[in-house]
Each structure stands twice: as structure tokens, then as C-alpha cells.
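Visitor: One structure, as C-alpha cells, below. Some questions next.
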Amino acid sequence: MEESYFHPAWVSLVVPFHVSAYEPVDRRFPSTLSPENSWAAELIYDLLQVPPGRGLLGKAVEGRFRPARIPPISVIIPTFQEEKYVAETLSQLAKVKPETEVIVVDGGSRDDTVHIARRLANRVYKVWEQGISKARNYGARHSHGEILIFLDADVIPPRDFPEKVAETFEDPRVVGATCAIMPSSPSFIERVFFVFYNRLIRISGLLPYTKFKRHSRGEFIAVRKNEFQRVGGFNESIACLEDYDLAARLARLGKFAFIEDLTVYESVRRIRSLGLLRTVWIWLVNFMSFILRGEPIAKVWKPVR
């Protein structure tokens, strides 16, 4: 393991993963509701998806995809006070074969985040200037992968995700990609909202280039390193919507894809702390400000731990 200290600071982790898809166990629907001819049935399937171990309706399905080549992948994880979540994320990523580079960039954590990262990540960088975009860009500059995956510290991917990412990037037109992001233990209302939100993100990719194309959440973003560098990486001058901004700039260069059969699971800490309606309202106000004024209203994105 390589450890470095910098001033400015952030710790970014690039981690190896496996990813797997989750499907409902019971698909015995009437023929009129088969996913081949019913959008409603497809929506029902999405609503039933759960990570293994979190319910009785889900199971892991691995090994279905075999791209001709899996390019070198670097997973970059920014951290700040993430001791409650980062061990589970890094442990999951460490199970992935073939191994990917794991880089952690920490922004001055005072808990055990860095200690945990040193045990589980390939490289840990500790910096002192906070900012999620700064941390991600720093990790990207010190990565060696052809494909960069930016992952939040509380997000759990399936083990076969590198194969699905590699399959998506076999299309030379693809410069970036995201996937479905679901809460790890949602209420029914939360599940309905995020299924709708994921479909909205997917549909946005079908639109001609506008300020609404392509939307992406920062919990999971995959990009070609060359194109990421070409657009200048994440915008470090904004406190939020840096993920949407990056996806929109990448969409000018090529295709920003939605990986249809990949779902990752995030913690529900922000939703449970602020409430779903308040969280969505904050997202919406900042999004509309960004569309109309070119920058979000928020000057600081307060972490929830």
C-alpha cells in the first residue's frame, strides 16, 4: 500500500470491485404482464428488486456477461468521516475479480476512516482541502485505469459490475455511464420514488443535447479517463450538481450511457435525516438554479453522517 500526505487534502480511494445484478425470484406473471409487452410489469420488477440479504424477493445473478476484454479500472472514493460505511464498501470491492485499482482520497477525517482505508484500499491519499470534486479529481490524477469509476463511500455495487461496465464501454461512442441507484433499505414510498427517478435519468439520455442531457447522480459514475481529462474533470467551484455538470459536458463528446442491468445500493442516511420531501426539494431547487443561472444555490453541501 502506498500512503501520501498532501496540503491541500482529501482522501480518495480507488477500489477493486465485483458487481452482480439483482432480479426478483418469482417472475410468474400472467402473459399479459410479461416484461416483453408491458411497461407496467417492468416497473413492478424494478420495485421488487432488493439486494441479497435484505429481503426475500431478491437474489444475486452473476457471470452472465463476458465482454471480450475488461480494461484496467480504477475506483475512486472520496471520504470524510465515513467510518460507519466505508469498510462494507471496500470489503465488497475487494472481492471483485479481476482486481481493480482502489484509491481513497480523504478530506481530513477525524474518525477511523483513514485507518480502515489503509487496511482495505490499494492507495490512500490524505489531503486537507475539503471538497468532493477536489477529492475525485485528485484521485483521477493518481489513477492508472483506462476507465474511472467514481463511487461514494456508502454505496455497495454487485460483484460483477466491472463486466457490465466493460460491456458498456465496448461501444467506442460511449464516453461515460451511470446506472440505477437505489436505497439499501427503502420504505415503499422511497422505493417508488427512486424507481421513477432512475427511469427519468435513463429517459434523459434519449433527448437531443440540451441542459437536461445527460443527468447523472454522483454515487456511481464511470468515465473514460481520456475524455474525463479532456473536459477538465469535475467542476471544483460548485458545491453540488458536479455530477450532473460532468455528465452534461461529457455528453457533448459522445454517448453518456445508462447501464440497464446494473444497480448499486446507497445508504438512506440523508433521506432519513432530512426526510424524503425535503431532500427532493433541495435537489430540485439547486437543479433549477443550475439550469437557469449556471450554478446551484447551495454554497456548501453539508455532509450527513
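Visitor: Do you know which of the residues in segment 142-168 that are among the small types (Gly, Ala, Ser) and not in a helix (DSSP H, G or I) is nearest to Tyr85 (Cα to Cα)? Before the answer, list the steps.
Guide: We begin by selecting, within segment 142-168, every residue among the small types (Gly, Ala, Ser); these are 143, 145, 153, 166.
Those still in the list that are not in a helix (DSSP H, G or I) too: 143, 145, 153.
Working: Ser143: 23, Gly145: 25, Ala153: 6 Å.
So, considering only residues that are among the small types (Gly, Ala, Ser) and not in a helix (DSSP H, G or I), the one nearest to Tyr85 (Cα to Cα) is Ala153.
Visitor: Being hydroxyl-bearing (Ser, Thr, Tyr) and either within 14 Å of Gly176 (Cα to Cα) or in contact (Cβ under 8 Å) with a residue 24 or more places away in the chain (or both) is the filter here, so list the residues in segment 245-287 that pass it. Please lay out each step first, then the result.
Guide: Start the filter on segment 245-287 by keeping residues that are hydroxyl-bearing (Ser, Thr, Tyr), which leaves 263, 265, 267, 273, 279.
Correct list: Thr263, Tyr265, Ser267, Ser273.
Residues are listed down the side, and each one gets a yes or a no for (1) surrounded by fewer than 20 Cβ atoms within 10 Å (Cβ to Cβ); (2) in a helix (DSSP H, G or I):
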position: Asn235; (1), (2): yes, no
position: Tyr244; (1), (2): no, yes
position: Leu253; (1), (2): yes, no
position: Arg270; (1), (2): yes, yes
position: Asn286; (1), (2): no, yes
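Visitor: Any chance you could count how many residues in segment 86-100 are surrounded by fewer than 23 Cβ atoms within 10 Å (Cβ to Cβ) and over 19 Å from Tyr265 (Cα atoms)?
Guide: 3
Visitor: Given Asp111, Asp171, which one is charged (D, E, K, R), in a loop (DSSP other than H, G, I, E, B) and closer than 26 Å to Glu227 by Cα?
Guide: When all the criteria are applied, what remains is Asp171.
Visitor: Let me ask you something else. Quick one: would you say Gly139 is at pLDDT 95 or above, over 16 Å from the mean Cα position of the chain (by Cα) and either in a helix (DSSP H, G or I) or not aliphatic (A, V, I, L, M) (or both)?
Guide: Against the criterion (at pLDDT 95 or above, over 16 Å from the mean Cα position of the chain (by Cα) and either in a helix (DSSP H, G or I) or not aliphatic (A, V, I, L, M) (or both)), Gly139 does not qualify.
Visitor: I'd like to know if segment 193-203 contains one or more residues that are within 14 Å of the chain's Cα centre (by Cα), aliphatic (A, V, I, L, M), part of a loop (DSSP other than H, G, I, E, B) and under 19 Å from Leu284 (Cβ atoms).
Guide: Taking every residue of segment 193-203 in turn, none turns out to be within 14 Å of the chain's Cα centre (by Cα), aliphatic (A, V, I, L, M), part of a loop (DSSP other than H, G, I, E, B) and under 19 Å from Leu284 (Cβ atoms).
Visitor: Being touching a Pro at 6+ places or on another chain (Cβ under 6 Å), of a type in the set (Val, Ile, Thr) and more than 19 Å from Arg224 (Cα to Cα) is the requirement here; does Val155 meet it?
Guide: no
The values are calculated or read from the model by the stated rules, or taken from the named source; none is laboratory data. Nothing here was measured: the structure is a model prediction, and the numbers come from that model. Cβ: placed from backbone, ideal geometry, glycine included. Neighbour counts: every protein chain shown.
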